[in-house]
Amino acid sequence: MAIQTDTTGTAPLEVQGLSVEERIANLEQEMLHLRENAPRADKATLLIFSSDLDKVLAGLVIATTAASMGIEVTCYFTFWGLNVLKEKRVYGGKAVMERMIDLMTPTGPDHMGVSRMNMGGAGAAMLKHMMKGKKVLSGAEFLHLAKESGVRLIACSMSMDVMGIRQEELTDGIEVGGAAAYLGEASRSGVTLFI
Amino acid sequence: MAIQTDTTGTAPLEVQGLSVEERIANLEQEMLHLRENAPRADKATLLIFSSDLDKVLAGLVIATTAASMGIEVTCYFTFWGLNVLKEKRVYGGKAVMERMIDLMTPTGPDHMGVSRMNMGGAGAAMLKHMMKGKKVLSGAEFLHLAKESGVRLIACSMSMDVMGIRQEELTDGIEVGGAAAYLGEASRSGVTLFI
Amino acid sequence: MAIQTDTTGTAPLEVQGLSVEERIANLEQEMLHLRENAPRADKATLLIFSSDLDKVLAGLVIATTAASMGIEVTCYFTFWGLNVLKEKRVYGGKAVMERMIDLMTPTGPDHMGVSRMNMGGAGAAMLKHMMKGKKVLSGAEFLHLAKESGVRLIACSMSMDVMGIRQEELTDGIEVGGAAAYLGEASRSGVTLFI
């Protein structure tokens, strides 16, 4: 869809009767509005819901590549995705179910299975072996690179609350925020993905 | 990427030879085009493909939070996602396979399993128990809230046709539309997710 | 959120002291920037990560419907999604693990399972049977239609490298590109989905 610029100079209805100065001022205000509010090609917000190694890797590759291209990147981790950020388990003071979830979920990408053909972990081991053979970074290395590249990492506060995960269990440099924090970033982003 | 505004007043090539009036009119027309066509930060379109309780909850939390922030939200339900909208099963006049799918798919979010560690429904029961403990709404309550908040809910017509699902099986207040209806909404939305 | 156009002609702070000519030239430059950089409603980029028949079909329906509406569509295939493009297996010169993955992954959409209730392929067979009954195209036919409709198809180079997949195994008319190629398309697209 090409932008049609009409060189005959016919003005839209709304501006008839306005002075040149007023029309320019209106354009400037609307442009200011777009600059401050419209989705931007140079901003990406990835919602990481999954804790499958293959999906998480896809997300981290996109995030770090985008950052290297000068795109401002936010990754928002919710539900199982919180496990990407998990570094250790702290059991003290947790309810029984919270401890159970702790025990059954991975601490960080290097302990995750893959979404298909995991075969009790053999699939994940195979993928990691093949990536290493091709000199591709591991999940934990990609996460580190994301931090170094200035990717903003936010952990979902509601998921943390429901699953009983505490900030001291997460890796350093993580913000905690709710769905509104996610939407504030996503609504201005050209690229928005649910992974 | 900061917008570079050039205060030296050098005009792009295309406008040379045009009068001030013509240049303003062209800008106004292009601005009108953007206003009526460009993706908007205050519009979000979620495609719900999944019938996993955890994914559906994530989608409904985003949808209702966005609506509370003044964002115009559309949720488009396709394939397994149609089960989010399902309220009852109507077998009469259905083919054998359609009845089988009916029997094997949930009616509404409160009857869904989770995408990981479902363990024959124990995982879903655990999640629901933990959400209740933290005073978080249930899936059905979030769906109700979405309706109350003015979220537009569209059921995919092709999926309904292929799976033999009829509108009388769905909850009230649902529109039925095809992929073109989805794209009409999504193409103007800052936030677009496949869940 | 309605655009507020202020007919009183009050100019933003930054333009005070500039001539009418300079203000118009600034607006033209900023408009040119938007035209060349902002996300567009008439552009969609789908990242196909999955090789579940149901998800792939949803992606191809969206892609071909969008193309029929005049939307410029790119599909980027990564990880398991590469199997959508696979037409044959070439074992010669592959490492053992690469051959194993070859053997265990489908060649093209018509050999894929579904994400739920697959029951050893029965679910996929059922879905295909029901789609045929409703005169809906098959996965392979949708892929063909996508090509005919001018949808740009890109295979992820890093995934091909890691999994040992070669271009000669893929269907015709496929480009190969990295995450930067994906981001170049996605960042200008109103619709971006991870499928």
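The values are calculated or read from the model by the stated rules, or taken from the named source; none is laboratory data. Every value quoted in this text rests on a predicted model; they were computed, and no experiment measured them. As a convention, Cβ positions derive from the backbone with ideal geometry for all residues, glycine included, and neighbour counts pool all protein chains shown. For accessibility, only protein heavy atoms count, side chains too; no ligands or nucleic acids. Shrake-Rupley method; radii C 1.70, N 1.55, O 1.52, S 1.80 Å.
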Practice prompt. Considering only protein heavy atoms, with the full assembly of protein chains and a 1.4 angstrom probe, order A:Met158, A:Met126 by accessible area, largest first.
Written response: A:Met158, A:Met126
Worksheet, complete the sentence: Distances in nm between the label point of B:Asp110 (7 Å along Cα→Cβ) and its equivalents in the other copies, shortest first, are 4.5, 4.5
Fill in: Accessible area of A:Ser149 in the full protein assembly, 1.4 Å probe (Å², nearest 10)
50
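Quick check on chain B: helices-only [θ] at 222 nm, where DSSP H runs of length 4 and up contribute -39,500 (n - 2.57) each and the sum goes over total residues. Nearest 500, please.
-12500 deg cm²/dmol
In debye to the nearest 20, how big a dipole does chain C give about its Cα centre with +1 on each Lys and Arg Cβ and -1 on each Asp and Glu Cβ?
1080
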Fill in: Heavy atoms of B:Arg188 accessible to a 1.4 Å probe, total area in Å² rounded to 10
50
Worksheet item: Calculated FRET efficiency, A:Leu137 and A:Met69, Cβ-Cβ r, R0 22 Å, to nearest 0.05?
Response: 0.80
Fill in: Area accessible to solvent at B:His129, 1.4 Å probe radius, in Å²
120
Worksheet item: Convex hull over the alpha-carbon atoms of chain A: what's its volume per residue in Å³?
Response: 177
Item to complete: Take C:Arg99, A:Arg35 and sort them by solvent-accessible surface of the protein heavy atoms, 1.4 Å probe, largest at the top.
Response: C:Arg99, A:Arg35
Worksheet, complete the sentence: Distances in nm between the label point of A:Leu32 (7 Å along Cα→Cβ) and its equivalents in the other copies, shortest first, are 2.4, 2.4
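Count, for each residue of A:178-187, the Cβ atoms from other chains sitting within 10 Å of its Cβ, then give me the mean as a whole number. Walk me through the numbers on the way to the answer.
Numbers: counts 2, 9, 5, 1, 5, 10, 2, 1, 9, 12.
Per-residue shielding by partner chains comes out at 6.
What does the charge dipole of the protein assembly as shown about its Cα centre add up to, to the nearest 20 debye, if the Cβ of each Lys and Arg holds +1 and the Cβ of each Asp and Glu holds -1? Numbers along the way, then the final one.
Details: 57 positive and 69 negative charges, 611 e Å.
It comes to approximately 2940 debye.
What is the range A:135-195 by shape, rounded, prolate or oblate, if you read a ≥ b ≥ c off the alpha carbon gyration tensor as root eigenvalues and call it rounded for a/c under 1.5, prolate for a/b larger than b/c, and oblate otherwise?
On the way: a/c = 2.02, a/b = 1.14, b/c = 1.78.
Cα axes put the range A:135-195 in the oblate bin.
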Worksheet item: Hey, how many Å between the Cα centroid of the range A:85-125 and the Cα centroid of the range C:94-161?
Response: 30
Response to the item:
The farthest towards the positive end of the charge dipole of chain A, of the residues A:Leu85, A:Met69, A:Ala38, given +1 on Cβ of Lys and Arg and -1 on Cβ of Asp and Glu, is A:Leu85
Practice prompt. Under 11 Å from the Cβ of C:Arg152, count the other residues' Cβ atoms, weight Lys and Arg +1, Asp and Glu -1, and hand me the total.
Written response: -1
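First compute the accessible area of the range C:40-194 with a 1.4 Å probe, then give the percent of it belonging to carbon and sulfur atoms.
Numbers: 3130 of 5660 Å².
The computed percentage sits at 55.
Quick one: order B:Met69, C:Met130 from most to least accessible surface, probe 1.4 Å.
Details: B:Met69 85, C:Met130 15 Å².
Order by accessible area, largest first: B:Met69, C:Met130.
Just to confirm, what accessible area per residue do you get for the range B:40-194 at 1.4 Å probe, in whole Å²? Please report the intermediate quantities before stating the final value.
Working: 5660 Å² over 155 residues.
The answer is 36 Å² per residue.
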Discussion item. Roughly how large is the A-B contact in terms of buried accessible area, totalled over both chains, probe 1.4 Å, nearest 100 Å²?
Written reply: 4600
Worksheet entry | 16 Å Cα-Cα reach of A:Lys128 towards lysines, excluding residues that sit fewer than 8 places from it in its own chain | A:Lys55
Practice prompt. Pop the C-beta distance of C:Arg166 and A:His111 into the FRET formula with R0 = 41 Å and round what comes out to the nearest 0.05.
Written response: 0.80
Discussion item. Cut-off under 20 Å on the C-alpha distance; same-chain residues fewer than 8 positions from B:Lys88 excluded. Which lysines are left, in chain and number order?
Written reply: B:Lys147
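Using DSSP, restrict attention to beta bridges with both residues in the protein assembly as shown and report what percent are antiparallel, rounded to the nearest 5.
Values: 3 of 57 bridges.
That works out to approximately 5 percent antiparallel.
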Discussion item. What does the structure give for B:49-55 when I average, per residue, the other chain Cβ atoms found within 10 Å of the residue Cβ?
Written reply: 4
